[in-house]
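The values are calculated or read from the model by the stated rules, or taken from the named source; none is laboratory data. Just so you know, these numbers come straight off a predicted model, no measurement behind them. Ideal geometry is used to build each Cβ from the backbone, glycine not excepted, and the neighbour counts take in all protein chains shown. Surface areas here come from the heavy atoms of the whole protein model, side chains and all, with no ligands, DNA or RNA. Shrake-Rupley method; radii C 1.70, N 1.55, O 1.52, S 1.80 Å.
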Amino acid sequence: MMRHTQPVIAMLALAMILAASSPSAAQESLANARQLYASADYRSALTMLNTLLSASPSPQERLSIELYRTLCLVAIGNNDEANKSIEAMVSRDPLYRPNMDEVPPRLRTVFSDARKRLLPALIQERYVIAKGAFDRGDMKIASDGFTQVLLALADPDIAVPAKQPPLADLRVLASGFNDLTVRALTPPPVPVVPMTVQAPPPQMATAPRQPVIYSQDDKNVMPPVMVRQDIPQYPGRVTFDRAGVLEVVIDINGAVESATMLEGVEALYNRLLLNAAKSWMYQPARLDGAPVKYRKRIQVTLSRNQE
């Protein structure tokens, strides 16, 4: 009995040390858990993943940990617990979609069925929260909430119920209230002040050098690799072809640090794109093996017959 428990105890202690030390160490622990899963050591991987969850990971790390935890639960035959885990993931983030390349076909169906079952009620809950913020005058929270509602309504898993009451009515209401919040948040134009000649400012100390942000122009840099980059569906009928360019800055951890529309598509859809970009993930760009920041441009096209 001791021979079997000693490796598990040692692995548990290693995971606790790595998870508590630093974000990069936590990522390495997740990589170790993935290797255990790939080698079919599901129970050891599950032990390590449970330990990582107890260490209060970041939201992005939590999603990756919970996904592999679900895969391990399915592999050992604990389907009831796996279904509970999937429902918790969808409830926590209705817009979350796992990288389907990492999910076996049977589990893809389970994810899709859970989203079809849970999203209608979650969307209505999010709308009530956003409307409450609007009534209180908290326009920033209201705008984010209505945008989340519109993004969720564009999800292909609920394409049919989204066109029927009550979700179709919520789409109209959320779109209208979202427009009102955007107008309320838009600052008034800055008055033009006549230019006056001023004495040159005193010499200031040189500002600290900012981290370099690389781009496709830097041929010696390996570009980032897409992990999750879900382009939201346009919330309505596309009456004519549209195109735009979205620019994102990807940090050294592969998360989107900032997103900007260089060429807009349409006001509401621009906001949907920018909000969706916050949850995109990549393998970071690398220079001589070290992760670096990278500026990536993405062409977005809407076809006329697209729903």
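Provide Rg over Rh for the chain; use the alpha carbon set for both Rg and the Kirkwood Rh (inverse mean inverse pair distance). Could the numbers behind the result be given before it?
Numbers: Rg = 23.1 Å, Rh = 22.4 Å.
We get a ratio of 1.03 for the chain.
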With DNA, RNA and ligands ignored, accessible area of Thr70 (1.4 Å probe; Å², nearest 10): 0 Å²
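About the Cα centre of the chain, what is the dipole size in debye to 20, counting +1 per Lys and Arg Cβ and -1 per Asp and Glu Cβ, all else neutral? Intermediate values should be presented prior to the final figure.
Values: 33 positive and 30 negative charges, 21 e Å.
Using only the charged Cβ atoms, the result is roughly 100 debye.
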Per-pair calculated FRET efficiency, R0 = 35 Å: Asp230 and Asp169 via Cβ, rounded to 0.05: 0.85
Lys/Arg +1, Asp/Glu -1 at C-beta; the range 84-158 dipole; positive extreme among Phe134, Leu107, Ile123: Leu107
Full-extension gain in nm, Lys116 to Gln60, via 0.36 nm per residue minus C-alpha separation: 17.9 nm
Proximal lysine pairs, the chain, alpha carbons under 27 Å, eight or more residues apart or interchain: 15
5 angstrom amide H check on Lys293, placed H, neighbours 5+ away: Tyr214
Efficiency of FRET between Val238 and Thr186 - r from beta-carbon atoms, R0 30 angstrom, step 0.05: 0.75
Table column - 3J(HN,Hα) (Hz), the range 110-122, Karplus curve with 6.51, -1.76, 1.60, x for Gly and Pro: 5, 4, 4, 5, 5, 5, 4, 6, 9, 4, x, 5, 5
Acute angle (nearest 10 degrees) that the helix 59-75 long axis makes with the longest principal axis of the chain, alpha-carbon atoms: 40 degrees
Whole-angstrom Cα spans of the range 233-275 along principal axes, big to small: 39, 17, 13
Degrees between helix 167-185 axis and first principal axis of the chain (Cα, 0 to 90, nearest 10): 60 degrees
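If you scale each eigenvalue of the Cα gyration tensor by 5 and take the root, what three semi-axes come out for the range 164-299, rounded to whole angstrom and sorted largest first? Mind showing how you got there, number by number?
Values: eigenvalues 227, 158, 34 Å².
Over the Cα atoms of the range 164-299, the semi-axes work out to 34, 28, 13 Å.
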Sites Gln299 and Val160 - FRET efficiency at Förster radius 30 Å, r taken between beta-carbons, to 0.05: 0.50
Accessible surface, 1.4 Å probe, highest first, among residues Thr181, Thr109: Thr109, Thr181
Cα-projected label distance for Arg43 with Ala88, points at 7 Å along beta-carbon direction, nm: 2.1 nm
For the range 161-185 versus the range 107-145, the gap between their alpha-carbon centres in whole angstrom: 12 Å
Tilt relative to the chain, helix 267-277 - C-alpha long axis, 0 to 90 degrees, to 10: 30 degrees
